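Participant: Below you will find the structure I want to go over with you.
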Amino acid sequence: MAPIRDQSPAPLTELLGHGLRLRPWDAASGSDVETWLRGLRDPEFQRWNTPLRLVTDRRSAQESLLARAQSATEGTSMSFRIADARSDTALGHIGVNEIKYHLKVARVGYWVLPEARGQGVATRALLLAAHWALTELGLHRLELDHALGHDASCRIAERCGFAYEGTLRGAIFQEGRHDAFRDAHLHARLATDPEPAGP
């Protein structure tokens with residue numbers, strides 16, 4: 001059995017593929033801050049997600065992006081702005097989060113702006129980010145969870161090779177609340193699983 005090696009954080013880089021460009025968010029960019037704020041204030045995002053720290057204005061949006069940049073420096077989370085590869089139009093976000101190199105595991109999460117939905121953006125971004133995490137980062141397992149009833153996320157996960165593993169009881173916050181919980185579906189993909197077909 002090979003020893004577990006301590007892996008230093010990989011530099012956060014730009015990823016290209018499936019017609020998309022994934023690059024780190026820039027907290028110093030006004031347009032990035034505005035896109036981040038718009039995405040997190042979107043009613044459909046808020047229906048399915050309740051962040052621990054709510055983002056309500058430009059200041060809190062910038063603070064949120066600065067915290068993500070710090071996590072990237074520490075190697076515990078990598079956050080990408082999803083954009084069209086040709087026009088660089090912002091489409092959404094995808095993150096490889098809670099990275100535990102000693103266990104070779106991380107969690108993925110994403111959202112897509114309203115005007116970009118229905119175009120396979122989340123599927124393409126997840127395929128790209130998962131491949132990077134399971135090869136370049138050397139991870140063995142990626143987990144993805146979503147609120148029970150979020151059927152679109154279920155379909156995206158399965159298209160990207162994230163097998164459904166069960167229901168997590170009371171695992172995530174209820175919509176807009178930090179004092180009540182709801183169930184979530186857990187999906188996961190292993191580095192040893194077959195590579196899903198591209199979109």
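Participant: In square angstrom, rounded to the nearest 10, how much accessible surface does LEU127 have for a 1.4 Å probe?
Facilitator: 10 Å²
Participant: In a Debye calculation with equal point scatterers on the alpha-carbon sites of the chain and no solvent, what is log10 I(q)/I(0) at q = 0.07, 0.15, 0.18 Å⁻¹?
Facilitator: -0.19, -0.95, -1.42
Participant: Are there any helices in the chain, counted as whole DSSP H runs, that stretch 15 Å or more along their axis by Cα and score at least -0.5 on average by Kyte-Doolittle, and if so which?
Facilitator: The qualifying helices are 121-135.
Participant: Let me ask another. Placing unit charges on C-beta atoms (Lys and Arg positive, Asp and Glu negative, everything else neutral), compute the dipole magnitude of segment 1-135 about its Cα centre in debye, rounded to 20. Could you put the intermediate results ahead of the total?
Facilitator: Working: 17 positive and 14 negative charges, 55 e Å.
Dipole size: approximately 260 debye.
Participant: Just the accessible area for ASP179, please: 1.4 Å probe, Å², rounded to the nearest 10?
Facilitator: Surface open to solvent at ASP179 totals about 110 Å².
Participant: At what distance in angstrom do the alpha carbon centres of segment 145-192 and segment 83-106 lie from each other?
Facilitator: 17 Å
Participant: What accessible area, in Å² to the nearest ten, does a 1.4 Å probe give for HIS140?
Facilitator: 80 Å²
Participant: Roll a 1.4 angstrom probe over the protein heavy atoms and tell me the percent of accessible area of segment 42-136 that is carbon or sulfur.
Facilitator: C and S fraction of accessible area: 50 percent.
Participant: From Cα pairs below 8 angstrom and at least 6 apart in sequence, can you work out the relative contact order of the chain, rounded to a whole percent?
Facilitator: 19 percent
Participant: Please list PHE162, PHE45, PHE173 from largest to smallest accessible area, probe radius 1.4 Å, with all protein chains kept in place.
Facilitator: Of PHE162, PHE45, PHE173, the descending order of accessible area is PHE173, PHE45, PHE162.
The values are calculated or read from the model by the stated rules, or taken from the named source; none is laboratory data. Only a predicted model underlies this, so the values are computations on that prediction, with no experimental measurement involved. Here Cβ is always computed from backbone atoms with ideal geometry, including for glycine, and neighbour counts include all displayed protein chains. Accessible surface is based on the protein model in full, side chains and every heavy atom, while ligands, DNA and RNA are left aside. Shrake-Rupley method; radii C 1.70, N 1.55, O 1.52, S 1.80 Å.
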